[in-house]
Amino acid sequence: MTEHRAQVEELLADYRRSRENLASAQRDLAAVTASATDADGLITATVGPRGTLTSLTVADGAYWRYRPNELAQQIVRVTAEATVRALARAGEVLAPVLPAGTDPQALLLGTGDLDATEIAPAKPRPAPDEESLEDHRWMTR
C-alpha cells in the first residue's frame with residue numbers, strides 16, 4: 001500500500017507542477033506587448049498579447065504628412081505589424097508548456113492542426129433549379 005501511495009503523491013506533485021507552469025505561462029502571456037512605428041516615426045501602435053490595440057500615439061506632424069485616408073492606412077499597418085510581433089512573442093511564451101509538435105502560432109490563431117484548405121471559406125452552392133409556376137393552372141374545371 002505504501003508504494004501505491006507514493007505513486008499517487010508523485011502524480012499529485014506532477015499535477016501541481018504542471019498547473020504552476022501553466023499559471024506562470026498565463027501570467028507571462030498576459031504581460032506580452034509589442035509596438036510598431038511607421039517609417040516617419042509619426043505613428044506608434046502598441047498591442048497586447050492577442051493583438052488588441054492598447055495604445056496609439058499620433059504625432060502632430062502626421063496630420064500634415066498624411067491625408068486622412070493615408071493616416072488611417074498607416075494606423076492599420078503599424079497596428080498589424082505590432083500584432084505580428086505580439087503573436088510571435090506569445091508563441092515563444094507558450095511553446096515550452098505545449099506538447100511536442102504543437103505549433104504555438106496555429107494555437108493562438110485558432111487554426112490548430114487544420115491546413116489552409118480546411119479553413120478556406122466554403123464555396124457557395126449553386127441555386128437549385130426552381131420549377132416555374134407561371135404556366136401552372138391552379139383552378140381546373
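Okay, residues lined up against (1) touching a Pro at 6+ places or on another chain (Cβ under 8 Å); (2) under 15 Å from LEU109 (Cβ atoms); (3) in contact (Cβ under 8 Å) with a residue 40 or more places away in the chain:
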residue	(1), (2), (3)
ALA30	yes, no, no
GLY41	no, no, no
GLY51	no, yes, no
THR54	no, no, no
THR57	no, no, no
GLN73	no, no, no
THR83	no, yes, yes
ALA86	yes, yes, yes
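Among the residues of the range 22-47, those that are over 22 Å from the mean Cα position of the chain (by Cα) and surrounded by 10 or more Cβ atoms within 10 Å (Cβ to Cβ) comprise ASP38, ASP40, GLY41, LEU42, ILE43.
Screening ARG19 with (1) within 22 Å of ALA95 (Cβ to Cβ); (2) within 23 Å of the chain's Cα centre (by Cα) gives one miss only, at (2).
When you check PRO126 against the structure, is it within 24 Å of the chain's Cα centre (by Cα) and either at pLDDT 80 or above or loosely packed, with under 10 Cβ neighbours inside 10 Å (or both), yes or no? No; evaluated as a whole, the condition is false for this residue.
Of the residues that make up the range 34-41, is at least one assigned to a loop (DSSP other than H, G, I, E, B), out of contact with any helix residue (DSSP H, G or I) (no Cβ under 8 Å at 6 or more places or on another chain) and farther than 28 Å from ASP115 by Cβ? Within the range 34-41 (the criterion being assigned to a loop (DSSP other than H, G, I, E, B), out of contact with any helix residue (DSSP H, G or I) (no Cβ under 8 Å at 6 or more places or on another chain) and farther than 28 Å from ASP115 by Cβ), the answer is yes, since at least one residue qualifies.
Got at least one residue in the range 70-82 being surrounded by 12 or more Cβ atoms within 10 Å (Cβ to Cβ), modelled with pLDDT under 85 and touching a helix residue (DSSP H, G or I) at 6+ places or on another chain (Cβ under 7 Å)? No: zero hits.
The values are calculated or read from the model by the stated rules, or taken from the named source; none is laboratory data. Everything quoted here is computed from the prediction, not taken from an experiment. As a convention, Cβ positions derive from the backbone with ideal geometry for all residues, glycine included, and neighbour counts pool all protein chains shown.
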